[in-house]
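Heads up: the structure comes next, in structure tokens.
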Amino acid sequence: MNTTDLPETNEYNSLVNSLDKFHLVTHTDGEGLITYANQNYLNVSGWTPKRIIGKSIWQMFSDCSENQDIVNSIWDRLLLGKSWSGKVEKMSRDGKPFFVNMLAVPTTSNEGELQSALFLELDITEDIRLQEKLGEIAFIDVETGLMSRHKLEQVVNESIDKGLHFSFVYLTIDHYYTIKELQSADSETQLIQEFTNRLKRYFQDSPIARIDTNSFVVLTAFGDWYIQGFYDFLKQQPIYLSHNAQTLSISGGIVRFPEDQQTYVQLYQVALAAADEVISSGGGRIASLSAESHKTLNRRHEIDRKMLTALDRNSLHVAYQPQFDIASNSITCYEALVRWEDEELGVISPDELIPIAEENGLIEEVGAYVAEEAMTFATNWHRAGTDMGISINTSVRESLNPQWKDRLISILNDTGCPANKVYLEFTETFALKAEEEQSVLSQMSELQNLGLQFTLDDFGSGYASLRYLQHLPVTTIKIDRIFTEVLLSNPKTQKLVEGIIQLSKKLNLYTVAEGVVNEDQFNLLKKMGIDAVQGHYIGIPLPADQIDIH
Ligand code: C2E
Ligand code: CA
Ligand code: CA
């Protein structure tokens, strides 16, 4: 028998003939040795009719264990007299993979012994390749053919791994949404494509990504002067839209790897910050981040990085600033202020620390730490026979946690601090959120029911302080330092402060003036009827061990 001929039964002849046209067909004996392969199979697999006969079905797959396991399980089913169907990867004679949907059908003897098997396959390699292409498209910006943001991250990470030196350049088209020629989607596409062409021409083989509608990133080994030259290049090669030459203005930021920043996220953030710096100074330039901003940003990263360790190692401290009560002529309260001094970073002021802690989520830890220390401080006064008030600053982020109240209550219990001696200070940003979030409001009123009091901090520095007095359970207001500062020199401020004091008396609120630094300010505020003052004139913030508790 000519081994590539069909088996000589009529059934097989007619069946295989009709399937022959579209399918890859192979046939094996009961041992899995190939006895027949049709032309389609030979075309795809690259085998010649002579060579394929007698090869085993296992040889049609790559010899990796994964694929061999699949053939074994197919064969096991056939041995049981059952058919098998599914998607498999096969291998051509020269080792190239191709993908098929396979149906394997056994023929068994009367005794149930496997005599032969028929394999019908449809070549789905094209479909698989298409799927892979679709996957790739996620990495490509369809409009420009540039890399997408995802791909950019990959390429940057690869370059970092290889230790390449490069500049990460963030570029954005200024005033993009007000370019008046961009009335239609077509003209927008045209502009972006023309702009892309210029980027490609100027930066040649550099990887370029499109980040959003009008922002791009170029990775280049060229130096700053060359990168900045793109601006002039763009002027010399104007883009025409509805026959008008567009003089595009662009802003950009440059960061160097490895000199400036070492990770993708940092490169991206700093390049963006550099571009923002350019934009806020009017745009139309490509620049590196100013040395000063660079320092600030690096310091931010360092603070962020070290904060958790600082909390763990107890390197945070609390300083207490006295508040002088006019009626009793004595100090009746201390405000707790967080302090952090680091060996390398020096003094980190709360104004630096708090916003970073709010961003990285450690604010709850910081807040709990300060509350614990502060309440312990108040408890020590209580035990010494004086009920001293303690004022604790609260960040909005802490109060958004549904456990905010419970945490405070457990600190109160742990420290044994009298609840009615605790004042929680909050600012307008906090108040704004509290108004929106029912859970903040309800936690506030529960705390109030326990005896805690609320102080509206920095009163007058925002824009809606009066409104909050109506809605929130406030008992004290603190007039912001900016008013005290100009009190003596500005008659209008004097009237304003006097007005605030009178108003708060009508509302039964306790009024504290902050930032009092001299006797004249003190006397004037006293004359105006202020309830208490705080500031360097009364005392600077000090650690607990430098304060006499009596
Ligand atoms: P604040 O609540 O307005 O605190 C008063 C700030 O003014 C403190 O700065 C204090 O040291 C400073 N100060 C007090 N008296 C005078 C004075 O006579 N003259 C001048 N020039 N300054 C004075 P500090 O400690 O740097 O705190 C800054 C801000 O950080 C605080 O402003 C508060 O909003 C926030 N903060 C401090 N500690 C914490 C905390 O534990 N948690 C939260 N969430 N925020 C805190
Ligand atoms: Ca405060
Ligand atoms: Ca304040």
For the range 19-52, the count of residues that are part of a strand (DSSP E or B), without any contact (Cβ under 8 Å) to a residue 40 or more places away in the chain and of a type in the set (A, V, I, L, M) equals 3
Tell me which residues, restricted to the range 457-481, are away from ligand 2 (no atom under 14 Å from the Cβ), over 18 Å from Met444 (Cβ atoms) and assigned to a helix (DSSP H, G or I).
Leu466
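Checking the condition closer than 19 Å to Ala419 by Cβ, within 16 Å of ligand 3 (Cβ to nearest atom) and at pLDDT 95 or above, which residue from Ile354, Ile392 passes? If you could, list the steps in order and put the result at the bottom.
Numbers: Ile354 fails: closer than 19 Å to Ala419 by Cβ.
None of the others qualify; the one that does is Ile392.
Here's the yes/no breakdown for (1) in contact with a strand residue (DSSP E or B) (Cβ under 9 Å, 6 or more places away or on another chain); (2) over 27 Å from Ala431 (Cβ atoms):
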| position | (1), (2) |
| --- | --- |
| Ser315 | yes, yes |
| Ala319 | yes, no |
| Phe324 | yes, no |
| Thr332 | yes, no |
| Leu353 | yes, no |
| Ile363 | no, no |
| Ala374 | yes, no |
| Asn393 | yes, no |
| Asn413 | no, yes |
What helices (runs of 4 or more DSSP H) completely inside the range 219-334 contain at least 1 residues that are in contact with a His (Cβ under 7 Å, 6 or more places away or on another chain), at pLDDT 95 or above and not basic (Lys, Arg)?
none
Only residues in the range 176-198 that are under 21 Å from Phe230 (Cα atoms) count as the first member; pair them with residues that are of a type in the set (S, T, N, Q) and modelled with pLDDT of 80 or more, Cβ under 6 angstrom, at least 6 apart or cross-chain, and list the lot.
Tyr176/Asn214; Thr196/Thr144; Arg198/Gln237
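Name the single residue that is farthest from Ser461 (Cα to Cα) among those in the range 420-449 being hydroxyl-bearing (Ser, Thr, Tyr) and not in a helix (DSSP H, G or I).
Let us first name the residues in the range 420-449 that are hydroxyl-bearing (Ser, Thr, Tyr), namely 423, 427, 429, 439, 442, 445.
Filter once more, keeping what is not in a helix (DSSP H, G or I): 423, 427.
Details: Tyr423: 20, Thr427: 9 Å.
Per the stated criteria, the residue is Tyr423.
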Under 7 Å between Cβ atoms, at least 6 apart or on separate chains: pull out the pairs that start in the range 458-480 with a residue that is among the aromatic types (Phe, Trp, Tyr) and end on any residue that is modelled with pLDDT under 85.
Phe459/Ser465
When the range 136-167 is examined, which residues are found to be surrounded by 17 or more Cβ atoms within 10 Å (Cβ to Cβ) and either touching a Ser or Thr at 6+ places or on another chain (Cβ under 7 Å) or under 23 Å from Gly282 (Cβ atoms) (or both)?
Ile140, Asp141, Thr144, Leu146, Phe166, Ser167
Could you grab me the full set of residues in the range 68-84 that are closer than 18 Å to Phe98 by Cβ and in contact with a helix residue (DSSP H, G or I) (Cβ under 9 Å, 6 or more places away or on another chain)?
Gln68, Val71, Ile74
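In a helix (DSSP H, G or I), within 14 Å of ligand 2 (Cβ to nearest atom) and not basic (Lys, Arg) - does that describe any residue in the range 410-417?
Step one: of the range 410-417, the residues in a helix (DSSP H, G or I) are 410-415.
If we keep only those that are within 14 Å of ligand 2 (Cβ to nearest atom) as well, we get none.
Taking every residue of the range 410-417 in turn, none turns out to be in a helix (DSSP H, G or I), within 14 Å of ligand 2 (Cβ to nearest atom) and not basic (Lys, Arg).
The values are calculated or read from the model by the stated rules, or taken from the named source; none is laboratory data. Just so it is clear, the model here is predicted, and its values are computed rather than measured. Here the Cβ is made from the backbone with ideal geometry for all residues, glycine too, and neighbour counts use every protein chain on show.
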